[in-house]
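Single-structure report; data block below.
The values are calculated or read from the model by the stated rules, or taken from the named source; none is laboratory data. Because the structure is a prediction, the values reported are computed rather than measured. No Cβ is skipped: glycine too gets one built from the backbone with ideal geometry, and neighbour counts run over all protein chains shown. The accessibility values were calculated without ligands, DNA or RNA, using every heavy atom of the protein model including side chains. Shrake-Rupley method; radii C 1.70, N 1.55, O 1.52, S 1.80 Å.
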Amino acid sequence: YFQDLLNKSEKALYDAFPSLYGELYTQNMKVFKDLYSELRRYYRGSNINLEEALNEFWTRLLERLFKLLNPQYHITDEYLDCMVKHAEQHKPFGEVPRDLKVKATRAFIAARSYAQGFLVGSDVVKKVSQVSLSHECTRAVMKLMYCPHCRGMSSVKPCSNYCLNVVKGCLANQADLNTEWKYLMDSLVVVADRIDGPYNVDAVIGTIHMRISEAMSNLQENKDSITAKVFQGCGNPKISTKGSSSEDKKRRGKVALEAKSSAVALEMLVLDAKGNLTALKSYWVTLPGVLCSKKVMASSAADDKCWNGMTKGSYLPEVMGDGLANQINNPEVEVDITKPDMTIRQQIMQLKIMTNRLGNANIGNDVDFQDASDDMSGSGSGDSCPDDVCGKRLSKSPSTRQPETHAIPKQSGHGVSGASSRSLPSAFLLFLSVAFIAAQHLWR
């Protein structure tokens with residue numbers, strides 16, 4: 001939507017300016033194209049100083065238009081340098097450059113940060129979904145899904161709390177994303193209100209061509225007084241032998257371009273996004289419950305005729321809390337709480353960095369996206385369920401427990417190059433899906 005606003009503004013400029021300004025536009029087309037190119041690159045995450053880019057545009061435009069509006073004079077580069085130094089005092093484009101710089105900077109910072117926030121969130125999910133199940137988790141899942149079939153109880157569903165303990169143990173590291181994930185969702189909601197409110201992104205980005213037209217008209221209308229002030233400060237340039245042109249005389253007058261507002265469309269987009277963001281706030285801690293109810297199809301919590309890991313009956317152990325630290329006494333999955341998954345810790349840091357950037361964007365401060373991590377994927381593998389996994393609990397003795405090992409993720413390259421557009425997946429969800437389908441076919 002943001003890029004569409006910019007594209008429409010650029011197209012409106014290209015369509016209208018040739019007939020409105022003639023040579024003032026046709027001889028300076030590259031200046032306008034370069035501006036939109038810089039704005040587009042900035043939005044996509046390039047390391048560009050937006051204020052400097054806008055200042056450069058007005059400087060280049062002033063130099064070229066001043067020469068075209070005064071063809072009877074021989075104006076050197078040195079003379080133009082002098083003129084530019086006095087430009088702030090003379091305000092040849094009126095208040096447009098200053099006003100546009102303030103509004104466009106805030107609007108683009110908010111729009112870019114908002115879009116990057118979604119990309120970072122999506123990228124975090126993609127990388128977390130690639131984290132492999134531990135050996136202990138694979139054993140626990142196999143026991144949860146297949147052992148009832150081995151005992152001739154293929155129709156008995158796993159106990160709900162039993163399933164929750166297995167999944168919470170398997171997704172212990174993922175649950176630790178919850179705090180920073182919630183902060184990111186909250187920050188995106190706040191910036192969304194800015195986009196559709198004080199920063200008025202729709203009006204600012206979609207009307208850049210109109211502000212440029214206003215500025216050029218101001219220069220045309222006040223050409224004589226501005227020229228006199230420049231001559232007074234920089235001296236009288238030499239008369240040119242090329243003669244004068246009447247182009248500027250034919251093109252005078254203030255021009256009002258049509259503004260087609262789509263504020264309603266933006267408002268609906270923001271409302272829809274805020275609703276989805278709010279729903280996703282507790283994604284990582286509600287995931288175990290979702291998996292157990294939709295993928296494992298566990299029985300109700302009060303069911304005393306469910307698979308409890310040993311036989312058909314009630315499941316007595318309490319349900320563990322969320323996160324790695326709460327798994328120290330998990331009765332179903334061996335979890336080494338001293339070995340946090342490095343890939344997920346890296347993603348927690350990325351969430352913190354992005355939340356901080358959104359906080360800056362919310363108050364109009366620019367942020368640099370060039371240090372976003374890339375290619376942070378973990379490694380590991382899970383073995384098949386051994387013969388002794390069914391019918392007895394795994395040993396809890398620390399002396400015989402094998403701690404998990406995790407490969408240190410790579411950090412190759414910089415910049416946000418994009419992110420997966422798929423919905424929030426999980427390696428565990430995929431595994432359970434395959435396991436359940438396999439069980440259905442095996443015992444049909």
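Summary table
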{"read-out": "Spacing of the two label points (7 Å from each Cα toward its C-beta) at K352 and S314, in nm", "value": "4.4"}
{"read-out": "Positive minus negative residues near A111 (Lys, Arg vs Asp, Glu; Cβ under 14 Å)", "value": "+3"}
{"read-out": "Accessible carbon and sulfur surface of the stretch 14-54 relative to its total accessible area, %, 1.4 Å", "value": "44"}
{"read-out": "Alpha carbon centroid spacing (whole Å) that separates the stretch 144-160 from the stretch 34-84", "value": "73"}
{"read-out": "For the stretch 31-182, accessible area per residue (1.4 Å probe, heavy atoms of protein chains only), Å²", "value": "38"}
{"read-out": "5 angstrom amide H check on Y73, placed H, neighbours 5+ away", "value": "S240"}
{"read-out": "Cut-off 10 Å between beta-carbons: net charge of the residues surrounding I363, Lys and Arg +1, Asp and Glu -1", "value": "+2"}
